[in-house]
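The values are calculated or read from the model by the stated rules, or taken from the named source; none is laboratory data. Everything quoted here is computed from the prediction, not taken from an experiment. Note that we place each Cβ from the backbone using ideal geometry, even for glycine, and neighbour counts take in every protein chain shown.
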Amino acid sequence: MTLIGSIRQGKTPSIIEEVAKIEHVSVDYLKKHIAQGSIIIPLATKNYARRKALAIGKGVRTKVNVNIGSSPNVLNLEQERQKLQLSIEHQADTIMDLSIGKNAYSIRQMIFNESTICVGTVPIYDAISSNNVRDMHPDDIFDVIEAHAKAGVDFITVHCGVTKSIIKKLQKNPRVTGIVSRGGAIMAEWIIKNGKENPLFTEYDRLLDIAYRYDITLSLGDGLRPGCIDDATDWAQIKELKLLGELTKRAWEKGVQVMVEGPGHIPLNEIQKNIRLQKKYCNNAPFYVLGPLVTDIAPGYDHITAAIGGAVAALAGADFLCYVTPAEHLHLPDEQDLVDGLIASRIAAHAADIAKGIPSAKDWDSQMAKSRKKLDWDAQCKFSINPKVFKKRLLDIGQKKMGECTMCGEFCSMKRMNEITK
């Protein structure tokens, strides 16, 4: 039985009590919103004991996802293992394997076996790695979905909202950057070459049956997300969003947990509108956004453009941020790109949580402030978001030994005021 099903029967699975303590909310609060669909715990039942518990949605801490995985041009199992370890070390909440290519299986299995945090995948990547798009049968897609569920995935991205009618209209009314979602583009190509409707849409009940059987969460992918500012909040994006809202209701009726994915490239002034529309059309289901990136002109710095957008989006009501690295639009991210992207998104999420009044969010900042007042460098290191960077910068200039910052030296305001108040 799924988590929603258990709660609807009046049961309180042990993971509910565990998550309530982590999130500083009541068990009843969690049960109410999980039953309504506005909070999810995207962990398959079989993984409760071996992966860190978390909740995503209304009134809990904004979560951050990290993407790793190989490409057809780069396959390095040990590098991806190192990325997994760095993701856990730097406190990612979830990790997605986006591996694509004929030899991606080894990386995916490594992640399933070794991850101590929630794991997601995009099964269509696996399906296309073994099939020509035209020849790919719907059974090939569903077989891969079930294989991932059996292997230990917690949530999957599925592009159910890319439909034949939308693609036909897009061909007549093209966007600047077209379809930039990899999964969305694969489904669009399949629809065009086969002249048939998206099987993830027409056989959605089959998808729900698999999700229910293995208690995995569906992440309804935004296959038509905007890939540039000029395409933001256009008819295609909104039409898909409305359809995903309808599919969300059907998942809830089945007892399947669901979240909805969102843009993408969105100017600052349209972010709040996007969040409001998603919450309206998708009945307050958790919203999972990529960035959003607020400008198109910053390759090499897109972790910054995404952090700006992510903070605004989370404040407006987004529940889950997918990190963006400096390598976005350029190349497969390396280990340092991963850390930089993750830290930037975590800062954005935390800043929004303070503004939203999420329980205990501000406590972290209060602890840091008190440590700074005392010039307690060890405590400041402990409460910093990246202690390794904190230590390195101190050691590089011997700052800790001095007991004062080299910015001000003997004129340090904290030091002087501490001496005066003594």
Which count do you get for residues in segment 239-285 that are within 18 Å of the chain's Cα centre (by Cα), among the hydrophobic types (A, V, I, L, M, F, W, C) and part of a loop (DSSP other than H, G, I, E, B)?
3
L54 vs. criteria in the same structural domain as L315 (by TED's automatic domain parsing), touching a Ser or Thr at 6+ places or on another chain (Cβ under 8 Å), of a type outside the set (D, E) and at pLDDT below 95:
no
Scanning segment 295-321 residue by residue, those outside any helix (DSSP H, G or I), touching a residue at least 40 places away in the same chain (Cβ under 8 Å) and surrounded by fewer than 24 Cβ atoms within 10 Å (Cβ to Cβ) turn out to be T295, D296, G317
Could you list, in sequence order, all residues of segment 197-219 that are farther than 14 Å from H148 by Cα, surrounded by 21 or more Cβ atoms within 10 Å (Cβ to Cβ) and not polar (S, T, N, Q)?
P199, L200
It is to be established whether one or more residues within segment 394-414 are at pLDDT 80 or above, within 26 Å of L86 (Cα to Cα) and outside any loop (DSSP other than H, G, I, E, B).
yes
Kindly establish whether F390 is touching a Cys at 6+ places or on another chain (Cβ under 6 Å) and not acidic (D, E).
yes
So P199, is it under 21 Å from the mean Cα position of the chain (by Cα) and either under 16 Å from I167 (Cβ atoms) or touching a residue at least 24 places away in the same chain (Cβ under 8 Å) (or both):
no
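Residues are listed down the side, and each one gets a yes or a no for (1) over 30 Å from L244 (Cα atoms); (2) touching a strand residue (DSSP E or B) at 6+ places or on another chain (Cβ under 6 Å):
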site	(1), (2)
G310	no, yes
D319	no, yes
Y323	no, yes
H350	no, no
W364	yes, no
Q367	yes, no
I385	yes, no
V389	yes, no
Taking segment 322-364 and keeping only residues that are of a type in the set (V, I, T), touching a residue at least 40 places away in the same chain (Cβ under 8 Å) and either in contact with a Cys (Cβ under 7 Å, 6 or more places away or on another chain) or farther than 20 Å from V25 by Cβ (or both), one is left with V339, I343, I347
Extreme residue, surrounded by the fewest Cβ atoms within 10 Å (Cβ to Cβ), among residues of segment 228-238 that are more than 15 Å from L290 (Cα to Cα) and in contact with a Leu (Cβ under 8 Å, 6 or more places away or on another chain):
I238
Condition check: outside the structural domain of A314 (by TED's automatic domain parsing) and closer than 26 Å to K249 by Cα. Does I15 satisfy that?
yes
Which listed residue is surrounded by fewer than 17 Cβ atoms within 10 Å (Cβ to Cβ), within 19 Å of the chain's Cα centre (by Cα) and on the phi < 0 side of the Ramachandran plot, from E410, E419, E335:
E335
Condition broken by S38, with the remaining ones in (1) under 20 Å from V289 (Cα atoms); (2) surrounded by 21 or more Cβ atoms within 10 Å (Cβ to Cβ); (3) touching a strand residue (DSSP E or B) at 6+ places or on another chain (Cβ under 9 Å) satisfied
(2)
